[in-house]
Amino acid sequence: MKLSGKFLVRTLLAASAAAIIGVGTAVGAFLVFDARHPPPLAAAPEVSTEVVDADGKLLRAFATNEGRWRLQTRLNDIDPEYLKLLVAYEDQRFWTHAGVDGLALLRAAGQLAVNGRIVSGGSTITMQLARLLEPRPNRSMTSKLLQIVRAIQIERRLSKKEILERYLMHAPYGGNIEGVRAASLAYFKKDPKALSLAEAALLVALPQSPERRRPDRHAAAAKKARDRVLARASAAGAIAPGEVARASRTGVSKKRHALPQHAAHLARRIISAEPGKTLYQVTLRRGPQRALEQVAREAARELGARVSVAMVLADAETGAIRAEVGSPNFLEERRAGWIDMTRAVRSPGSALKPFIYGLAFEEGLVRPETLIMDAPADFAGYRPRNFDMRFHGEISVRRALQLSLNVPALHLLEAVGPQRLLVRLRQAGIETSTPPADQPGLAIGLGGIGITLRELTQAYTALANGGRVSILRNRPAVVVNPATNATLLQPVAAWHVNDILSGTLRPASASAQPIAYKTGTSYGYRDAWSVGYDGRHVLGVWVGRADNAPVPGLTGLTAAAPILFEAFDKLALKWSPLPPAPPGALRTAQGDLPVTLRRFKVASRTGASDQIPEPPPQIVYPPHGAEVELAGTATGDRLPLIVKLQGGQPPFRWLANGQLISERSHARTAAWLSDGAGFSTITAIDAAGRAARVKVYIHRIP
């Protein structure tokens with residue numbers, strides 16, 4: 001039948017009108033649906049709470065209320081190669097389509113018709129995001145159509161970047177892991193910005209079948225899926241064939257790692273103080289934090305089952321805490337690991353002595369080479385002794401501080417006044433505790449005061465800063481008023497203290513770290529301390545039991561100092577020199593000092609000496625009448641006889657068989673090379689002319 005031109009025109013116009021009406025109706029229906037049923041994007045997804053370091057690196061994460069690990073994700077957090085792989089494998093036209101890829105859907109439908117099964121899906125990344133945001137129990141045609149509609153809705157509301165970020169945060173990766181950041185940390189212990197090609201390909205493959213491809217459970221299936229991603233990406237031109245071959249030869253990690261759990265005490269403290277947030281940034285740095293936690297764990301294992309270790313590392317210039325360890329293991333019950341020992345008030349032992357000496361330098365009472373008496377003394381009934389229960393007689397102030405002698409420190413504290421030390425600490429923002437209603441006494445110089453490891457570390461920033469304290473902080477948003485960075489010591493006094501502590505004898509196992517340091521041991525072996533510093537970093541170490549029980553033999557030198565040097569080794573910090581000598585700071589020999597500064601005169605308020613006279617000298621080794629065997633070395637050299645003395649007033653003169661061994665020696669030991677076998681008489685004469693003698697018989701052993 002022949003149709004007229006007018007009829008054809010009318011037919012085409014009617015068909016066009018019907019199509020326009022149909023499209024308009026569909027568009028209108030979509031707009032009505034879109035307005036009444038928007039996609040579930042309004043509510044922000046629940047994410048894991050994160051504590052990040054000063055550089056934004058993850059220190060600690062907490063699972064969501066559902067028990068899932070879902071970390072906030074930004075494209076800047078992701079390796080660009082991973083994103084290229086993802087788009088090449090999942091949705092090659094992602095950046096150009098409007099939520100639905102018609103070509104991909106037609107291809108999938110054709111493959112289904114020919115093969116009778118789904119060969120490749122037609123879902124875009126946006127459609128997959130729609131399914132993740134609004135999961136449905138079955139995969140019916142109705143569900144697929146709604147997914148398409150939701151994808152178009154999402155594209156109308158979010159940018160491509162936002163869509164990709166939402167997908168990367170919600171995609172499943174097996175178990176309770178959601179999102180590429182959590183997956184990268186769980187399977188590879190690294191941030192997704194540092195993924196290798198093989199690792200990136202595996203993470204692209206996992207969301208398609210997360211449980212069947214989990215590398216920690218199904219490594220073979222995971223590798224097969226990863227290699228398929230690499231092959232498809234190569235076919236799409238996203239990666240070179242040579243890179244595919246190298247990546248395919250790489251094995252698959254079969255272990256799932258715990259997400260970072262650093263700085264447990266700090267994380268709990270700041271979250272309790274500011275609840276409701278999902279991101280907390282602190283001044284810590286992840287590298288130093290991990291290093292100190294490892295050192296603390298290893299040291300605690302060696303020290304005993306109930307001994308705890310705490311450390312604080314601070315930037316002396318800014319006051320920023322770069323690492324802090326409250327205990328070796330937060331969850332360890334035997335060590336009461338949940339107690340943050342960086343904030344526990346404990347006795348510092350001798351750790352405050354440098355500031356006593358610093359105040360004495362300020363007052364012009366002494367100089368480092370001034371001689372001071374270390375002998376029994378009575379401070380209104382208080383009669384302290386040294387840690388080793390020995391006295392050294394007249395000794396330089398430098399050596400007295402390096403040896404941490406008690407009597408010289410108390411003589412100086414009495415001269416400057418205990419109250420002045422406390423006031424100076426308080427003005428520098430350092431809180432201490434003393435017994436209620438008690439006037440501060442000389443005992444504060446030997447640990448009769450309470451202080452935290454954090455506060456003690458803050459005090460030592462003054463030595464690294466030429467006398468000015470930096471107020472410690474662990475939140476970057478906290479801006480400290482420079483006026484609060486008070487002067488704890490004058491620059492010259494601080495320099496003298498640094499000069500002395502830089503020469504303190506180190507533990508036998510310590511490396512040659514160019515740092516100054518001081519130790520402390522509290523009464524009853526309850527607390528061992530060590531604080532070390534250079535011109536930029538201050539590290540404080542505490543060792544003891546959280547329940548304040550004694551640990552026999554625990555000392556700052558044997559327990560805390562080795563940890564201090566081990567920590568500095570592991571930190572591998574860029575060393576910074578101590579402040580240079582300020583005007584007026586000089587090293588002066590004892591003979592070149594003014595007469596009034598050559599010896600520190602100890603006198604009571606009545607002018608009478610407070611010093612208890614030393615008992616007469618007594619040679620305690622070898623005992624009188626002893627027979628001593630002295631062997632020679634393998635080279636034929638003679639070995640000396642070591643003679644030990646108690647009591648007496650230094651300096652001493654030592655004689656053997658009437659011949660002078662040494663003169664004006666302040667040491668209470670002497671080494672004598674005997675002439676041969678037989679009887680010998682050894683004599684020691686003190687400064688008061690009192691003598692001690694022993695007669696011994698020497699046996700020579702070839």
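The values are calculated or read from the model by the stated rules, or taken from the named source; none is laboratory data. Keep in mind that what you see is a predicted model, and the values were worked out from it rather than measured. Cβ sites come from the backbone with ideal geometry, for glycine too, and all protein chains shown count toward neighbours.
Among what's in the range 423-448 and is in contact with a helix residue (DSSP H, G or I) (Cβ under 8 Å, 6 or more places away or on another chain) and β-branched (Val, Ile, Thr), pick the residue that is nearest to His537 (Cα to Cα).
For the range 423-448, the residue satisfying everything is Ile430.
Filter the range 366-393 down to residues that are modelled with pLDDT of 95 or more and not β-branched (Val, Ile, Thr), then give me how many there are.
4
Tell me, which residue of the range 651-702 that is closer than 19 Å to Leu371 by Cβ and among the hydrophobic types (A, V, I, L, M, F, W, C) is surrounded by the fewest Cβ atoms within 10 Å (Cβ to Cβ)?
Among residues in the range 651-702 that are closer than 19 Å to Leu371 by Cβ and among the hydrophobic types (A, V, I, L, M, F, W, C), the one surrounded by the fewest Cβ atoms within 10 Å (Cβ to Cβ) is Ala688.
Regarding Lys190, is this residue without any contact (Cβ under 8 Å) to a residue 12 or more places away in the chain, in the same structural domain as Asp79 (by TED's automatic domain parsing) and assigned to a helix (DSSP H, G or I)? Don't jump to the end; show me each part of the working.
On the way: without any contact (Cβ under 8 Å) to a residue 12 or more places away in the chain: yes; in the same structural domain as Asp79 (by TED's automatic domain parsing): yes; assigned to a helix (DSSP H, G or I): no.
Against the criterion (without any contact (Cβ under 8 Å) to a residue 12 or more places away in the chain, in the same structural domain as Asp79 (by TED's automatic domain parsing) and assigned to a helix (DSSP H, G or I)), Lys190 does not qualify.
Under the condition of being surrounded by 24 or more Cβ atoms within 10 Å (Cβ to Cβ) and touching a Lys or Arg at 6+ places or on another chain (Cβ under 6 Å), which residue from the range 304-315 is farthest from His537 (Cα to Cα)?
If we filter the range 304-315 for residues that are surrounded by 24 or more Cβ atoms within 10 Å (Cβ to Cβ), which is where we start, we get 308-314.
Of the ones still in play, those that are also touching a Lys or Arg at 6+ places or on another chain (Cβ under 6 Å) are 308, 312-313.
Values: Ser308: 23, Val312: 10, Leu313: 7 Å.
The qualifying residue farthest from His537 (Cα to Cα) is Ser308.
Please state which one of Arg290, Arg285, Arg301 is of a type in the set (D, E, K, R), surrounded by fewer than 18 Cβ atoms within 10 Å (Cβ to Cβ) and within 12 Å of the chain's Cα centre (by Cα).
Every option except Arg290 fails the conditions.
For the range 37-88, what are the residues that are buried (at least 20 other Cβ atoms within 10 Å of the Cβ), charged (D, E, K, R) and over 23 Å from the mean Cα position of the chain (by Cα)?
Listed by number, the residues that qualify are Arg70, Asp79.
Applying the selection to the range 416-460, what residues are among the charged types (D, E, K, R) and under 26 Å from the mean Cα position of the chain (by Cα)?
Scanning the range 416-460 gives Glu431, Arg454, Glu455.
What is the residue count in the range 217-238 for residues that are within 21 Å of Leu168 (Cα to Cα) and part of a loop (DSSP other than H, G, I, E, B)?
Residues meeting the conditions: 1.
For the range 384-410: of the residues being free of Cβ contacts under 8 Å to residues at least 12 places away in the same chain and more than 26 Å from Leu489 (Cα to Cα), which is surrounded by the most Cβ atoms within 10 Å (Cβ to Cβ)?
Here the residue is Asp388.
Name, by its number, the condition in (1) buried (at least 16 other Cβ atoms within 10 Å of the Cβ); (2) within 14 Å of Lys254 (Cα to Cα) that does not hold for Ala220.
Here Ala220 meets the rest and fails (1).
Of all the strands (runs of 3 or more DSSP E) wholly in the range 255-328, which have at least 1 residues that are modelled with pLDDT of 95 or more and within 24 Å of Leu456 (Cα to Cα)?
308-315, 321-325
If the requirement is being farther than 16 Å from Asp77 by Cβ, buried (at least 19 other Cβ atoms within 10 Å of the Cβ) and not polar (S, T, N, Q), which of these qualifies: Leu197, Leu146?
Result of the check over Leu197, Leu146: Leu197.
Every residue in the range 516-556 that is modelled with pLDDT under 95 and of a type in the set (A, V, I, L, M), please.
Across the range 516-556, the qualifying residues are Ala549, Val551, Leu554.
State the number of residues belonging to the range 119-143 that are surrounded by 13 or more Cβ atoms within 10 Å (Cβ to Cβ), modelled with pLDDT of 75 or more and more than 12 Å from Leu41 (Cα to Cα).
Count: 7.
Take the residues in the range 503-559 that are farther than 19 Å from Asn465 by Cα and among the β-branched types (Val, Ile, Thr), then tell me which one is surrounded by the most Cβ atoms within 10 Å (Cβ to Cβ).
Val541
Return the only residue of Pro579, Pro562 being within 36 Å of the chain's Cα centre (by Cα) and not in a loop (DSSP other than H, G, I, E, B).
Pro562
Provide a single number: the residues in the range 239-254 that are under 39 Å from the mean Cα position of the chain (by Cα), in contact (Cβ under 8 Å) with a residue 24 or more places away in the chain and assigned to a loop (DSSP other than H, G, I, E, B).
The qualifying residues number 5.
Restricting to the range 197-216, count the residues that are over 37 Å from the mean Cα position of the chain (by Cα) and assigned to a loop (DSSP other than H, G, I, E, B).
2
Which residue out of Leu453, Leu425, Leu413 is at pLDDT 90 or above, surrounded by 17 or more Cβ atoms within 10 Å (Cβ to Cβ) and in contact with a strand residue (DSSP E or B) (Cβ under 6 Å, 6 or more places away or on another chain)?
Leu453
If I ask for residues that are under 47 Å from the mean Cα position of the chain (by Cα), of a type in the set (Val, Ile, Thr) and in a helix (DSSP H, G or I), which ones from the range 139-178 would you list?
Of everything in the range 139-178, those that are under 47 Å from the mean Cα position of the chain (by Cα), of a type in the set (Val, Ile, Thr) and in a helix (DSSP H, G or I) turn out to be Ile154, Ile163.
Answer yes or no: is there a residue in the range 340-355 that is surrounded by fewer than 16 Cβ atoms within 10 Å (Cβ to Cβ), under 36 Å from the mean Cα position of the chain (by Cα) and free of Cβ contacts under 8 Å to residues at least 24 places away in the same chain. Quick ask: steps written out before the conclusion?
Quick first cut of the range 340-355, residues surrounded by fewer than 16 Cβ atoms within 10 Å (Cβ to Cβ) only: 345.
The next check asks that each one be under 36 Å from the mean Cα position of the chain (by Cα); those that pass are 345.
Those left that are additionally free of Cβ contacts under 8 Å to residues at least 24 places away in the same chain: none.
No, because not a single residue in the range 340-355 is surrounded by fewer than 16 Cβ atoms within 10 Å (Cβ to Cβ), under 36 Å from the mean Cα position of the chain (by Cα) and free of Cβ contacts under 8 Å to residues at least 24 places away in the same chain.
Can you name every residue in the range 356-365 that is buried (at least 22 other Cβ atoms within 10 Å of the Cβ) and either over 38 Å from the mean Cα position of the chain (by Cα) or of a type outside the set (A, V, I, L, M, F, W, C) (or both)?
Hits for the range 356-365 are Tyr357, Gly358.
Has the range 357-365 got any residue that is of a type outside the set (Lys, Arg), outside any loop (DSSP other than H, G, I, E, B) and within 20 Å of Val538 (Cα to Cα)?
Residues of the range 357-365 of a type outside the set (Lys, Arg): 357-365.
Filter again for outside any loop (DSSP other than H, G, I, E, B), leaving 357-363.
Remaining after also requiring within 20 Å of Val538 (Cα to Cα): 357-358.
The answer is yes; a qualifying residue exists.
Looking only at residues that are crowded, with 20+ Cβ neighbours inside 10 Å and of a type in the set (Val, Ile, Thr) in the range 428-450, which one is farthest from Asn386 (Cα to Cα)?
Checked the range 428-450; the qualifying residue farthest from Asn386 (Cα to Cα) is Ile430.
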